[in-house]
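Peer 1: Take a look at this one; I'll ask things after.
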Amino acid sequence: MANARVALAFLSFLPAAPRQPDGEADGATRAEVFDEDLDRAVRAFQQSRGLSVDGIIGPDTARSLEEARHGLGDRLLYHAPSQPLIGDDVAALQERLSNMGFDVGRSDGIFGPRTESAVRDFQRNRGLEPDGRCGPHTLRELKRLERTVTGGRPDMLRESVRLLVRGPSLLGMLVAIDAGHGGDDQGVVAHGLTERDVVADLARRLEARLVSSGLETFWVHSDDESPDEAERARRANDQGADLLVSLHVDASDSPKAEGISCYYFGNARGSSAVGERLAALIQKELVSRTDLVDCWTHAKTWDLLRRTTMPAVRIEVGYLTNTRDAAALGSADYRANVAEAILAAIQRLYLPPEQDPPTGQLRVPRVATPS
Ligand SMILES: [Zn+2]
């Protein structure tokens with residue numbers, strides 16, 4: 001906890017000197033006390049980074065604190081395939097390159113092959129040795145050339161351009177389907193149902209519906225395993241999927257918590273423009289085709305959303321811990337509606353605004369399948 005204090009103070013979320021409660025004797029134990037200031041600072045930090053705001057320094061928050069410590073120029077940046085460099089310095093580099101028109105994909109703070117090739121392009125462009133590594137020379141040249149581009153986020157716009165190029169046809173499009181759990185990992189268990197089985201069935205219905213409309217699907221993992229999010233993202237990336245849909249159900253200590261929500265990649269710096277639009281469409285179609293409560297869409301930096309190179313949406317299709325939601329989740333009609341809503345949202349994502357139908361009304365035709 002003392003480390004978290006130092007990191008948060010460094011990032012200006014917490015005053016540098018910890019508050020000294022009166023009458024406390026031992027300094028060492030005091031540093032361990034999780035007082036209100038620290039709790040508030042952790043929450044403010046989580047809010048600013050698009051993390052779940054719970055005031056708890058779990059693995060995601062600890063990782064973000066670590067990443068936030070790196071400023072551009074603190075270390076040599078390069079592509080290390082087995083253990084990619086991750087941090088705010090990488091994100092800053094990506095933003096600068098992107099602002100100058102070099103294609104880094106999304107500014108996700110991960111130094112991957114695309115960032116490396118953008119660095120090479122930049123170096124070639126500036127007559128530097130094109131080694132794809134960002135050291136002092138490259139950095140000096142970057143700083144020298146940096147122009148302040150306000151407003152536009154070229155990397156975000158590029159995703160939208162790719163959509164326009166594709167056109168409204170869904171034929172041959174590859175959708176990665178991620179059932180949230182599998183194998184021994186049951187997820188939420190409540191009201192006689194397990195999240196694993198509910199989302200596996202939903203995923204199968206979604207697959208059938210997508211395939212019958214001419215799309216192709218990729219199963220991120222088999223039923224008997226539950227890889228971590230980074231591995232799930234890697235598989236979808238390797239497959240070159242156009243979109244990823246991840247299916248989960250929610251849980252809460254409060255039996256009253258209910259409703260549907262969707263998540264896409266994003267934080268205070270920006271978000272995946274297409275991911276955000278797809279999440280909004282799925283959310284609207286789901287809410288209009290079911291009678292579950294609308295719990296809105298949210299930007300998050302969870303690994304699955306962040307490490308995927310295609311637009312990705314995680315859907316929480318109701319609370320298994322809520323009696324009403326659980327009844328819906330247990331019914332075949334509800335699950336069929338969910339699959340239909342997701343397909344309609346995917347189709348709407350590719351329609352030009354003048355052809356975009358009102359929510360809840362689109363019927364995507366089935367295509368003739370070869371017999
Ligand atoms: Zn889950």
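Peer 1: Does any residue of the range 312-330 turn out to be away from the ligand (no atom under 16 Å from the Cβ) and closer than 27 Å to Leu171 by Cβ?
Peer 2: Start the filter on the range 312-330 by keeping residues that are away from the ligand (no atom under 16 Å from the Cβ), which leaves 323-324, 327-328, 330.
Among the residues that remain, those that are also closer than 27 Å to Leu171 by Cβ are: none.
Scanning the range 312-330, I find no residue that is away from the ligand (no atom under 16 Å from the Cβ) and closer than 27 Å to Leu171 by Cβ, so the answer is no.
Peer 1: Looking only at the range 183-195, count every residue that is in a helix (DSSP H, G or I) and open to solvent by 50 Å² or more (accessible area, probe 1.4 Å) and tell me the total. Working first, answer last.
Peer 2: Step one: of the range 183-195, the residues in a helix (DSSP H, G or I) are 195.
Next, from what is left, pick out any that are open to solvent by 50 Å² or more (accessible area, probe 1.4 Å): none.
So the count comes out to 0.
Peer 1: Looking only at residues in the range 136-171 that are open to solvent by 40 Å² or more (accessible area, probe 1.4 Å) and of a type in the set (A, V, I, L, M), which one is modelled with the lowest pLDDT?
Peer 2: Val149
Peer 1: Out of (1) surrounded by 22 or more Cβ atoms within 10 Å (Cβ to Cβ); (2) modelled with pLDDT of 95 or more, the odd one out for Pro311 is which?
Peer 2: Against the list (1) surrounded by 22 or more Cβ atoms within 10 Å (Cβ to Cβ); (2) modelled with pLDDT of 95 or more, Pro311 comes up short only on (2).
Peer 1: Restricting attention to the range 291-305, which residues are in contact with a Gly (Cβ under 8 Å, 6 or more places away or on another chain), buried (at least 18 other Cβ atoms within 10 Å of the Cβ) and not small (Gly, Ala, Ser)?
Peer 2: Here is the first cut: in the range 291-305, the ones in contact with a Gly (Cβ under 8 Å, 6 or more places away or on another chain) are 292-295, 299-301, 305.
Going one step further and asking which of them are buried (at least 18 other Cβ atoms within 10 Å of the Cβ), we end up with 292, 295, 299-301, 305.
Within the range 291-305, Leu292, Cys295, Lys300, Thr301, Leu305 meet the criteria.
Peer 1: For the range 314-371, give me the residue count where each residue is in a loop (DSSP other than H, G, I, E, B) and of a type in the set (Gly, Ala, Ser). Walk me through how you get there before you give the answer.
Peer 2: Kept after step one, since they are in a loop (DSSP other than H, G, I, E, B), are these residues of the range 314-371: 320-322, 330-331, 350-352, 356-371.
With the extra rule that they be of a type in the set (Gly, Ala, Ser), the set shrinks to 330-331, 360, 368, 371.
Looking only at that region, the number is 5.
Peer 1: For a quick check of your reading: which strands (runs of 3 or more DSSP E) sit entirely within the range 196-290 and have at least 3 residues that are surrounded by 22 or more Cβ atoms within 10 Å (Cβ to Cβ)? Before you say what the answer is, go through the steps one by one.
Peer 2: On the way: elements: 216-219, 243-250, 260-267.
In the range 196-290, 243-250, 260-267 are the strands (runs of 3 or more DSSP E) which contain 3 or more residues that are surrounded by 22 or more Cβ atoms within 10 Å (Cβ to Cβ).
Peer 1: Working only within the range 98-129, note down all residues that are closer than 21 Å to Ala68 by Cβ and at pLDDT 85 or above.
Peer 2: Val104, Asp108, Gly109, Ile110, Phe111, Gly112, Thr115 - these are the residues of the range 98-129 that are closer than 21 Å to Ala68 by Cβ and at pLDDT 85 or above.
Peer 1: Being at pLDDT 75 or above, within 28 Å of Lys300 (Cα to Cα) and open to solvent by less than 50 Å² (accessible area, probe 1.4 Å) is the requirement here; does Leu11 meet it?
Peer 2: Numbers: at pLDDT 75 or above: no; within 28 Å of Lys300 (Cα to Cα): yes; open to solvent by less than 50 Å² (accessible area, probe 1.4 Å): yes.
So Leu11 does not fit the description; no.
Peer 1: A further question follows. Is it true that Arg49 is under 15 Å from Thr301 (Cα atoms), modelled with pLDDT under 90, of a type in the set (Lys, Arg) and not assigned by TED's automatic domain parsing to the domain that holds Gly132?
Peer 2: On the way: under 15 Å from Thr301 (Cα atoms): yes; modelled with pLDDT under 90: yes; of a type in the set (Lys, Arg): yes; not assigned by TED's automatic domain parsing to the domain that holds Gly132: yes.
Yes: the conditions hold for Arg49.
Peer 1: What is the one condition in (1) at pLDDT 95 or above; (2) farther than 18 Å from Val317 by Cβ that Leu174 does not satisfy?
Peer 2: Single failed check for Leu174: (1).
Peer 1: List the residue pairs whose Cβ atoms are under 6 Å apart, where the first residue sits in the range 166-188 and is of a type in the set (Gly, Ala, Ser), the second is away from the ligand (no atom under 16 Å from the Cβ), and the two are 6 or more positions apart or on different chains.
Peer 2: Every condition considered, the pairs that remain are Ala176/Phe218; Ala176/Ala236; Ala176/Ala241; Gly183/Asp224.
Peer 1: Could you look through the range 33-64, keep only residues that are closer than 20 Å to Ala91 by Cβ and touching a Leu at 6+ places or on another chain (Cβ under 7 Å), and pick out the one that is most open to solvent (accessible area, probe 1.4 Å)?
Peer 2: Within the range 33-64, the match that is most open to solvent (accessible area, probe 1.4 Å) is Asp60.
The values are calculated or read from the model by the stated rules, or taken from the named source; none is laboratory data. The model shown is predicted, which means the values in this text are computed figures rather than measured ones. Here Cβ is always computed from backbone atoms with ideal geometry, including for glycine, and neighbour counts include all displayed protein chains. Surface accessibility is based on the protein's heavy atoms, side chains included, excluding ligands, DNA and RNA. Shrake-Rupley method; radii C 1.70, N 1.55, O 1.52, S 1.80 Å.
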